[in-house]
């Protein structure tokens, strides 16, 4: 479980991973997004970037595969 706060401190999210490393995003006690794909064969983590105080971007970039499996998701809170 990882916790993130928006740059201005207005919002906080929690990113949780299930047993096959699929992330879900929680905001104010509600699940606002779940990874839509299958799970992963290894433990993976997504980077979090705040676009603004109400929008976050989750990024998966496994450099060991030369960017072949790059994924990016924009989530409105």
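A short reminder: the numbers here are calculations on the coordinates, not readings from a lab. Predicted, not measured: the structure shown is a model, and the values here were computed from it. Here the Cβ positions follow ideal geometry from the backbone for every residue, glycine too, while neighbour counts run over all protein chains shown.
Below is a table of values for the structure above.
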item: Equivalent ellipsoid semi-axes - Cα gyration tensor, the chain, angstrom; result: 22, 14, 10
item: Inter-site label distance for residue 62 and residue 24 at 7 Å from Cα along Cβ, in nm; result: 2.3
item: Ranked 40, 19, criterion: other C-beta atoms within 10 Å, fewest first; result: 19, 40
item: Residue 40-residue 16 pseudo-label distance in nm [points 7 Å out on the Cα-to-Cβ vector]; result: 1.9
item: The range 2-76 - percent relative contact order, Cα under 8 Å, separation 6 or more; result: 21
item: Exposure proxy order (Cβ contacts within 10 Å, fewest to most) of 48, 32; result: 32, 48
